[in-house]
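Novice: Here it is, the structure in full.
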Amino acid sequence: MFNRTTLYILLVAVAMGLGLWAAERFYGEGAVRSTPDLQVVRLFPQPRPLPEFALRQSDGTQLVPGELKGHWTLVFLGFTHCPDVCPTTLAELAQAQQQWQALPASTRPRVLFVSVDPDRDSSDRIGEYAHGFHRDTLAATADIPALESFARSLSMVFAKVPAPRGVPADQYSVDHSATIAVLDPESRMAGIISPPFVPSSIASDLLVLSGHAPATGPGK
């Protein structure tokens, strides 16, 4: 049975789908399309600048758009109490990270985990959680209004799901988008990766985008 939160998520997802359809009509060739050189990353015809944001990193410093410049960055929303999607996705991203960890730090692709559960996820907790998958994973969070604005800029959503009756109130869950946002070295929304995630394909695409591997067509 659908609850109000699930219905809200579905309605927002439909609205976003309509927005993508409208953009497709506007651009003619489609707002999201695969390039012949990439396997799983779907790039927009034009990168989309992100509005200003300020997230709190696991080390207590602020994460602002300028901090992400110079790197291709994969952004995933989640929370540390997530039972399945979050740990699975971060483990898959960690496998991709292992394939580019020897690259120079100045151009190495990044993974950013953003917790959308600030009530339970402190800076220390998100850092321990993210680094448990890969030491290079960035982790950040913020208050709910800032997180909602950031998620919206990535065409993503999240919503708190109250705990079932008879379960402690602090055992709630959080519904959230499962896609991965792809930011370019100018900190612009450049595309998306949709599940299911294939670590080797993600790694291959990020190596191509970062200029560390020759572009190849699908299946090559």
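Rule-based calculations on the coordinates, nothing more; no lab input. Please read all numbers here as calculations on a predicted model, not as lab measurements. Reconstructed Cβ throughout: ideal geometry from the backbone, glycine too, with neighbour counts over all protein chains shown.
Novice: Arrange the following residues from fewest to most other Cβ atoms within 10 Å of their Cβ: Thr107, Thr89.
Specialist: With the fewest neighbours first, Thr107, Thr89 line up as Thr107, Thr89.
Novice: Excluding Leu147 itself, what net charge comes from residues whose Cβ is under 15 Å from its Cβ, given Lys and Arg +1 and Asp and Glu -1?
Specialist: -3
Novice: Amide H neighbours of Val111 under 5 Å, at least 5 residues apart or on other chains, H built in the peptide plane: list them.
Specialist: It is Leu74, Leu138, by chain and number.
Novice: Determine the sum of side-chain charges near Ala130: Lys and Arg each +1, Asp and Glu each -1, restricted to other residues whose C-beta is under 13 angstrom from that of Ala130.
Specialist: -2
Novice: Antiparallel as a % of all DSSP beta bridges within the range 35-209, to the nearest 5? Let's see the in-between values first.
Specialist: Numbers: 19 of 28 bridges.
Antiparallel bridges make up about 70 percent of those DSSP assigns within the range 35-209.
Novice: In whole Å, how far is the Cα centre of the range 49-83 from that of the range 147-187?
Specialist: The range 49-83 and the range 147-187 have Cα centres separated by 14 Å.
Novice: Please report the Cα spread of the range 66-220 along all three principal axes, rounded to whole Å, starting with the longest.
Specialist: Result for the range 66-220: principal-axis Cα extents of 56, 31, 26 Å.
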